[in-house]
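Right, one structure below, let's go through it.
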Amino acid sequence: MAQVVPGSVMSRQGVHEFIFGAPAGQQDAWLRFWETLGFHTAAEGRLDAAKSGRLYGHPSELHAFRLRHPGSDTFDTGLVRLHFWTELRNSGLGSARPIVTGSRWMGMYTHDILQVRDSFESARARSDWKLWMSPLVNAPLAKPAPVHDFYQPFVGLREILVFGEAFRLAFIQRAGFDRPGFGTFDDTLPYKNTEGSHANIVQPPGQFSSGFYKKAFGFETAPFGEAHDSGDEPPTIEALNLQPGELFHVERTRAPDCPSGLLQVYSSYQSGPNFSDLSRAGSGNLGLYSIKVSDIEHFQQKLAAEGARDLRFGDDEFGQPAVVFDAPDGYQWTAYQHVG
């Protein structure tokens, strides 16, 4: 497990949880979905409408489940939290395109990308999932991409995005190389997948900045994740459903010495809709990320000093001291201090 540095604000951990919202009464269906991916209930909690209104800014009764994947134990990252609301704020991001302001999606790695693709293809018949799927793409590591054939196999990433009414997921497979620590695989699972390895956010067009996350969270640029322009490579265009000429700036960040639970920050150069209101607590689908901190009061002071807005304090649904806040880019987050 990652260790807390004495006197630090942050534990040396990356993105701790991906928080998905859904209507009350759908618990059985979505717990079953996540259990198939290896996420099992570790905690259950509730807030009444008044308390959830004060903490999350959405006054509706909340029933919550924290789910852990076996791989989460490596760095205490990549968990899932399910929020079931008596009344949703809105239906959420759904199948909105990846590179639009306010977009979020959860990445994880798999050892069997074809099984993932085939199973979600068969699931498209489920009207309640309302799936959008990207093509399965191959993204070579080397640039320019070398010619590969039988005698020189492909080396790179294979990826597919699957967005639905209740989830926005990217599945990735490494081919011809390994990257220990960036996701912990469980090959006993049907899809041989990891915990949530990385989170994604898309800032307003032309307003890219990772500064808040580095100063307030203590994140740093991840190895091989330096900020750069992208969007003109055919695999990227296909996977991210980009419009013609739609370039973006992107950087991969992480907590120091923590190779999982990364945060990828994007900003398009092309104007478009802002879906930030569909990406908040109380929204359906993926509406929040969480981090864990070692000193919640100190962290609140840090947030205010670095420009966070609408800070809300209180005990969350699991009885943990927490703060819910808007980062300067408009993304809502929650942080909690581990008790016990």
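The values are calculated or read from the model by the stated rules, or taken from the named source; none is laboratory data. This one's a predicted model, so the numbers in the text were calculated from it and none came from an experiment. A quick note on method: Cβ atoms are made from the backbone with ideal geometry, for glycine too, and the neighbour counts reach across all protein chains shown.
Out of everything in the stretch 226-263 that is surrounded by fewer than 21 Cβ atoms within 10 Å (Cβ to Cβ) and of a type in the set (S, T, N, Q), what residue ends up being farthest from Met133 (Cα to Cα)?
That would be Ser230.
Of all the residues that make up the stretch 130-149, how many are part of a loop (DSSP other than H, G, I, E, B) and either polar (S, T, N, Q) or modelled with pLDDT under 90 (or both)?
10
Among the candidates Glu195, Glu165, single out the residue that is in contact with an Asp or Glu (Cβ under 7 Å, 6 or more places away or on another chain), touching a residue at least 12 places away in the same chain (Cβ under 8 Å) and under 18 Å from Ile19 (Cα atoms).
Glu165
Residues Pro190, Pro223, Pro204: which one is out of contact with any Pro (no Cβ under 6 Å at 6 or more places or on another chain) and free of Cβ contacts under 8 Å to residues at least 12 places away in the same chain?
The unique qualifying residue is Pro223.
If Gly272 passes every condition in (1) surrounded by 15 or more Cβ atoms within 10 Å (Cβ to Cβ); (2) not in a loop (DSSP other than H, G, I, E, B) but one, which one does it miss?
The number of the failed condition is (2).
Limited to the stretch 150-187, what total is found for residues that are assigned to a loop (DSSP other than H, G, I, E, B) and of a type in the set (S, T, N, Q)?
Residues flagged as assigned to a loop (DSSP other than H, G, I, E, B) and of a type in the set (S, T, N, Q) within the stretch 150-187 amount to 1.
Please go through the stretch 188-225 and give me each residue that is in a helix (DSSP H, G or I) and surrounded by fewer than 18 Cβ atoms within 10 Å (Cβ to Cβ), ordered by number.
Gly211, Lys214, Lys215, listed by residue number.
Is it the case, given these coordinates, that Glu306 is more than 30 Å from Leu88 (Cβ to Cβ) and of a type in the set (Asp, Glu)?
yes
What residue, among those in the stretch 90-142 that are without any contact (Cβ under 8 Å) to a residue 60 or more places away in the chain and either among the basic types (Lys, Arg) or buried (at least 22 other Cβ atoms within 10 Å of the Cβ) (or both), is nearest to Leu240 (Cα to Cα)?
Arg117
Across the stretch 43-67, which residue is surrounded by the most Cβ atoms within 10 Å (Cβ to Cβ) among those that are within 19 Å of the chain's Cα centre (by Cα) and free of Cβ contacts under 8 Å to residues at least 40 places away in the same chain?
Result: Leu67.
Based on this model, can you work out whether Asp76 counts as of a type outside the set (A, V, I, L, M, F, W, C) and touching a residue at least 40 places away in the same chain (Cβ under 8 Å)?
yes
Does Lys302 satisfy the condition of being basic (Lys, Arg), modelled with pLDDT of 95 or more and over 18 Å from the mean Cα position of the chain (by Cα)?
Spelling it out, Lys302 is indeed basic (Lys, Arg), modelled with pLDDT of 95 or more and over 18 Å from the mean Cα position of the chain (by Cα).
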